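What follows is a set of notes on a single structure, which appears directly below.
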Amino acid sequence: MASAERPLSPHLQVYRPQWTSILSISHRATGVALVAGAVVLVWWLAAAAGSPEYYESFQGIAGSILGLLALFVWTLCLMYHLCNGLRHMMWDSGRWLELEQARKSGQHVVISAAVLTVVCWIAAFVAM
């Protein structure tokens, strides 16, 4: 019988967070955020297909500070998920599997996602 003094199997309190595990959890979290953003996108399409008043009320919410912040975060999630998905494709092909390569590719994912998000937002505001 197992002793009551220690857990039966290792869990999160035993391990120190690692860069690759944090990025893996973030990849899953951004996938969930993208689903939530897709629901908002459907709401936007329904508002556009509905009455002008309904669309205007949606635009009031989406154009507010909180709405723009949510859209910025959603864009960041999209870019991160895209870049990390490309990283996973490289792993599937047998590349970048060494610890140092995995750490560096993770850093590139975070930097690339941030840069792509800023570029998208600059392009969107220049197009306005």
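Any read-out appearing in this document is the output of simple, stated calculations on the displayed coordinates, not a laboratory observation. These numbers were taken from a predicted model, which means no experiment stands behind them. Note that each Cβ is placed from the backbone with ideal geometry, even for glycine, and that neighbours are counted across all protein chains shown.
So what is the relative contact order for the chain, in percent, with contacts set as C-alpha pairs under 8 Å and at least six apart? List each step's numbers first, then the result.
Working: 59 pairs, mean separation 35.5, N = 128.
It rounds to 28 percent for the chain.
Residues considered: LEU78, LEU45, LEU23. Largest GNM mean-square fluctuation over the chain, using C-alpha springs under 10 Å, is found at LEU45.
For LYS104 and SER24, a Förster radius of 22 Å and the Cβ-Cβ distance give a FRET efficiency of 0.85, rounded to the nearest 0.05. Of TYR55, TYR80, TYR15, the residue with the greatest mean-square motion in the GNM of the chain, using alpha carbon springs below 10 Å, is TYR15.
Across LEU41, LEU116, LEU76, mean-square fluctuation computed from a Gaussian network of the chain (C-alpha pairs under 10 Å connected) peaks at LEU41. Using the rule -39500 (n - 2.57) for each DSSP H run of four or more residues, divided by the residues of the chain, the 222 nm mean residue ellipticity is -27500 deg cm²/dmol.
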